[in-house]
Amino acid sequence: MSTVLVINSGSSSIKYQLVDPGAGTAVAVGLIERIGESQSHIVHRTDGHTEERRLPIADHGEGLRRLLAMFDAVGPDLTAAGICAVGHRVVMGGRHYDGPVVVDQEVLDRITELCPLAPLHNPANLKGIQVGLALLPDVPHVAVFDTAFFRNLPAAAATYALDREVAEKYAVRRYGAHGTSHQYVSAKAAEVLGRDLADLRQIVLHLGNGASASAVAGGAAVDTSMGFTPLEGLVMGTRTGDIDPAVAFHLERNAGMSVDDIDTLFNKRSGLKGLTGENDLRLVHKMVADGDDAARLALEIYTRRLRKYIGGYAAVLGGLDALTFTAGVGENDATVRAGAVEGLEFLGIRIDPDRNTDRIKEPTVISPDGAPVAVLVVPTNEELAIAQQAASLVPAEAGAGRPAAG
Ligand code: ADP
């Protein structure tokens with residue numbers, strides 16, 4: 001066996017998985033939450049066993065040390081598990097990276113430079129890599145960027161109609177996000193359909209708490225709904241998605257709100273949460289069932305935005321072969337899927353109501369047999385995608401059995 005330790009380091013959390021990229025399975029899965037607070041929480045699952053610890057964890061360095069101690073105490077032993085790389089999720093790769101890269105000083109410098117473009121994410125990602133390098137120095141560390149799949153968007157899709165000098169000077173362009181998921185899911189959809197990826201015009205809807213759409217032609221991304229930041233595009237759990245930027249000017253001038261207040265409003269207090277008080281669609285559905293008009297309207301706004309993007313991307317692609325739903329909402333919510341394609345029969349998009357069940361755990365076609373557009377649900381697996389990308393950069397001689405330090 002050869003495995004990759006996948007690390008997703010957030011501002012106050014570290015999610016991790018030890019993945020066997022060949023078998024496509026997770027050998028261990030864990031989460032450290034509330035780093036820096038008085039009581040942190042670690043959950044580590046392996047081989048049907050769950051181990052939990054509550055203790056103060058001051059910072060990411062201590063978090064990673066605790067994480068490795070969990071492997072020592074509960075297993076599996078990283079050396080015995082043949083760890084061959086550590087794969088780090090990095091949110092922003094800017095113009096630099098269109099694929100995974102082995103971390104060296106130049107990569108660290110570039111991720112640091114890009115912090116102003118992703119101030120909430122890149123510093124935490126960077127911390128995870130730096131600590132990881134110190135604790136596991138004998139295996140390659142690979143950075144896998146959320147933006148990489150969208151690095152080569154056509155210029156017409158990536159460029160805002162903004163003063164060119166300002167855009168250039170401040171690196172303002174559409175970078176996209178969730179790219180690892182869009183890439184993985186679009187490739188998987190082709191596999192499920194038994195079609196060549198190169199022949200397919202696809203739309204992928206990654207609908208989680210954050211949500212994004214992509215248009216993929218022949219395996220390459222040609223458009224995506226998230227832009228300079230993940231704020232643009234679809235209605236999300238707590239984010240507005242598309243909104244007239246003049247709303248920000250208005251609030252700053254007339255509501256006494258600072259730029260930071262508006263940032264918080266648009267990113268954390270809007271979307272489904274702003275419209276209904278709840279960011280979880282399960283609760284929004286419950287409110288609708290209880291006759292709540294605001295919740296019904298929220299669901300209409302949510303699905304209307306999806307239909308607009310599906311129609312727009314079908315136009316961008318000049319036709320459509322496959323439409324795929326993924327992530328928490330996309331995989332579990334039959335009502336949202338039905339609403340997203342309602343009235344789109346004219347584009348050849350139809351769902352079979354019997355196939356469109358809640359909670360789809362395996363890649364599944366939910367359109368009727370012979371429909372012009374295949375509609376699918378494909379569970380995303382960003383950790384597996386990161387592990388596979390990281391493993392692809394490991395030289396063959398450094399494969400299974402390479403010892404881990406620390
Ligand atoms: P994240 O963006 O945090 O990675 P996920 O992809 O895990 O999000 O999706 C989380 C969201 O998925 C929840 O906020 C909830 O709205 C939605 N969700 C999860 N399970 C269901 C379900 N059974 N039915 C409807 N929505 C669900």
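The values are calculated or read from the model by the stated rules, or taken from the named source; none is laboratory data. Quantities reported herein were computed from a predicted structural model and do not represent experimental measurements. Every residue, glycine among them, receives a Cβ derived from its backbone with ideal geometry; neighbour counts consider all protein chains shown. These accessible areas exclude ligands, DNA and RNA; they are computed on the full protein's heavy atoms, side chains included. Shrake-Rupley method; radii C 1.70, N 1.55, O 1.52, S 1.80 Å.
Structure notes:
- Loop-located GluC sites (Glu not before Pro) across region 206-295 with a Cβ neighbour count of 11 or fewer within 10 Å are lacking, with loop assigned by DSSP.
- Lysine pair count for the chain with Cα-Cα distance under 26 Å and sequence separation of 8 or more or different chains is 14.
- The Cα atoms of region 30-171 cover 56, 35, 28 Å along the three principal axes, with the biggest extent listed first.
- Sorting 38, 13, 212 by solvent-accessible area of protein heavy atoms yields 38, 13, 212, largest first, with a 1.4 Å probe.
- Across the alpha-carbon atoms of region 174-281, the computed radius of gyration and Dmax are 16.7, 56 angstrom.
- Region 219-293 and region 50-95: distance between their alpha carbon centers, rounded to Å: 33 Å
- P(r) of region 295-406 over all Cα-Cα pairs, binned every 5 Å from zero, in whole percent: 2, 10, 17, 18, 15, 10, 7, 6, 5, 6, 3, 0
- Theoretical ellipticity at 222 nm over the chain - DSSP helices of four or more residues, -39500 (n - 2.57) apiece, nearest 500: -11000 deg cm²/dmol
- Convex hull volume of the C-alpha atoms in the chain, normalised per residue: 161 Å³.
- Among 183, 388, 105: highest mean-square fluctuation, GNM of the chain, C-alpha pairs under 10 Å: 105
- Dipole of the chain [Lys/Arg +1, Asp/Glu -1 at C-beta], most positive-end residue of 395, 316, 31: 316
- GNM flexibility winner over the chain from 205, 251, 275 (Cα, springs under 10 Å): 251
- Relative contact order (%) - the chain, alpha-carbon pairs under 8 angstrom, separation at least six: 18 percent
- Using alpha carbons only: equivalent-ellipsoid semi-axes of region 110-222, gyration tensor based, whole Å: 27, 23, 12
- Rolling a 1.4 Å probe across the protein heavy atoms gives the chain an accessible surface of 45 Å² per residue.
- Percent carbon-and-sulfur accessible area, region 49-106, ignoring ligands, DNA and RNA, probe 1.4 Å: 46 percent
- Residue order for 273, 188 - accessible surface, 1.4 angstrom probe, largest first: 273, 188
- Net charge dipole size for the chain [Lys, Arg +1 and Asp, Glu -1 on Cβ; Debye, nearest 20]: 320 debye
- Considering all C-alpha pairs of region 282-344, those separated by over 19 Å amount to 36%.
- Each Lys and Arg Cβ is given +1 and each Asp and Glu Cβ -1; about its Cα centre, region 276-404 then shows a dipole of about 220 debye.
- Just the protein heavy atoms count here, and of the accessible area of region 206-307 at 1.4 Å, carbon and sulfur take up 52 percent.
- Candidates 370, 271, 319, ranked by Gaussian network fluctuation over the chain, Cα under 10 Å, top entry: 370
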